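Throughout, read-outs are computed from the coordinates displayed, never taken from laboratory work. None of these values were measured; they are calculated from a predicted model. Glycine gets a Cβ as well: all are built from the backbone with ideal geometry, and neighbour counts include every protein chain shown.
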Amino acid sequence: MLAVIEGFSVVWLVILVGWFVGRRKVLGDNAQLVLSRLSFFVASPALLVETLSRAELQTVFAAPLLVAAAGAVITGGSYLLIVRFWLKRKLAESLVSAMSSSTANAANLGIPIAAYVLGDAALIAPVLVFQLAFYTPCYLMLLDSITSGRRATPGRVLLQIVRNPMIIGTAVGLVLASTGWALPNLIAEPLHLVAGAAIPAILIAFGMSLGTTKPLSAADGRRPDILLSTGFKLILHPLVAFLLGHFALGMSGAALFAVVVAAALPTAQNVYVTSQRYQVGLAVAKDTVLLTTVLAIPAMFGVAFLLG
């Protein structure tokens, strides 16, 4: 339990550094974007290659992948039914809201949480693989079809998947782990240096993003949607993960803790990017990202306390 608290404290302190740097404009106006892009396109893929190449795949991709998939689908599907038929929202907006309630920030916050709290960055890989290769593309295909009136082609969706740097880094790491191949030192050492930039860049950029907007504006008219989405993401999603992992799959100890913490991660920021792209569900996506981001660390502390 003390080790978990220490891990969360390390993450939160670096986030606070980012918040302070952002408030003081020490790095300029575009620093958050630059740090985020550095992490997403360069450092995090390198970190995934390095960590997954050493992972035991049968441990990482058995029960954890099933919990990640089923937990997201159950949480998002339940929210979709409620917001569509109870709150009477349009289908496109309901889909974006369902994404907000069930898509975890596995890259920007999941990687450092896995590294410093769970002790192994590879433990976030099942969530990354499921969301990037399957879950998010399914939503994008539906939204593309609904908003444009034309069916998204499988080729375009597949191209979007394989061009994602996180998927590329994950795929390379999995190939190395499954084959037992090792990168030559000439490649492994620079890769290690670049990978080392991932977590500090992620957390500092993450901290800089906090406090920039005020959520729950009455003018948006979506307070019930936002509060419900936030509750689903931080309470229902980890609860579903616990029930599936413990009772359906017999998981316990560190393995169960890992899948529940992964489910308690805040809403992924790319949900807001998706809402901007299709111009639907903007208020719900923006405010759910913000609220879950602020409340996620306390929520995960609660998970650690309950399962510790």
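Placing unit charges on the Cβ atoms of the charged side chains and taking the dipole of the chain about its Cα centre, the candidate lying farthest along the positive direction among Ser145, Gly28, Ala106 is Ser145. Close amide-amide hydrogen proximity is noted between Ala104 and Ala268, each under 5 Å apart and 5 or more residues distant or on a separate chain (H modeled in the peptide plane; Pro and chain starts excluded). Going from the fewest other Cβ atoms within 10 Å to the most, the residues Trp12, Trp181 appear in the order Trp181, Trp12. Along region 252-264 the Karplus relation, 6.51 cos²θ - 1.76 cosθ + 1.60 evaluated at θ = phi - 60°, assigns HN-Hα couplings of 7, x, 4, 5, 5, 4, 5, 6, 6, 4, 4, 6, 7 Hz to successive residues, with x for each Gly and Pro.
Under a Gaussian network description of the chain, with springs only between Cα atoms under 10 Å, the residue in Pro184, Pro215, Pro238 that fluctuates furthest is Pro184.
Taking the charge dipole of the chain about its Cα centre, with +1 at Lys and Arg Cβ atoms and -1 at Asp and Glu Cβ atoms, the residue from Val127, Thr179, Leu291 reaching farthest to the positive side is Leu291.
Simple rule: put +1 on each Lys or Arg Cβ and -1 on each Asp or Glu Cβ in region 2-307, find the dipole, and look at Phe305, Ala195, Ile235; the Cα lying farthest toward the positive end is Ile235.
Placing unit charges on the Cβ atoms only, positive for Lys and Arg and negative for Asp and Glu, gives the chain a dipole magnitude near 1060 debye about its Cα centre. Using only Cα atoms and rounding to the nearest 10 degrees, what angle (0 to 90) does helix 91-102 make with the longest principal axis of the chain? Roughly 40 degrees, rounded to the nearest 10.
Scanning residues 5 or more positions from Ser217 or on other chains, none has an amide H under 5 Å from its amide H, with H placed 1.01 Å from N in the peptide plane.
As a proxy for reagent exposure, Met99, Met166, Met141 were ordered by neighbouring Cβ count within 10 angstrom, fewest first; the result is Met141, Met166, Met99.
Kindly give Rg over Rh for the chain, based on alpha-carbon atoms, with the Kirkwood expression for the hydrodynamic radius. Value, to two decimals: 0.95.
Remark: region 39-48, residue by residue, has Karplus-estimated 3J(HN,Hα) of 5, 5, 8, 10, 6, 5, x, 5, 5, 5 Hz, where x stands for each Gly or Pro and the curve is 6.51 cos²θ - 1.76 cosθ + 1.60 at θ = phi - 60°.
Of Ser9, Ser94, the sequence from fewest to most neighbouring Cβ atoms within 10 angstrom is Ser9, Ser94.
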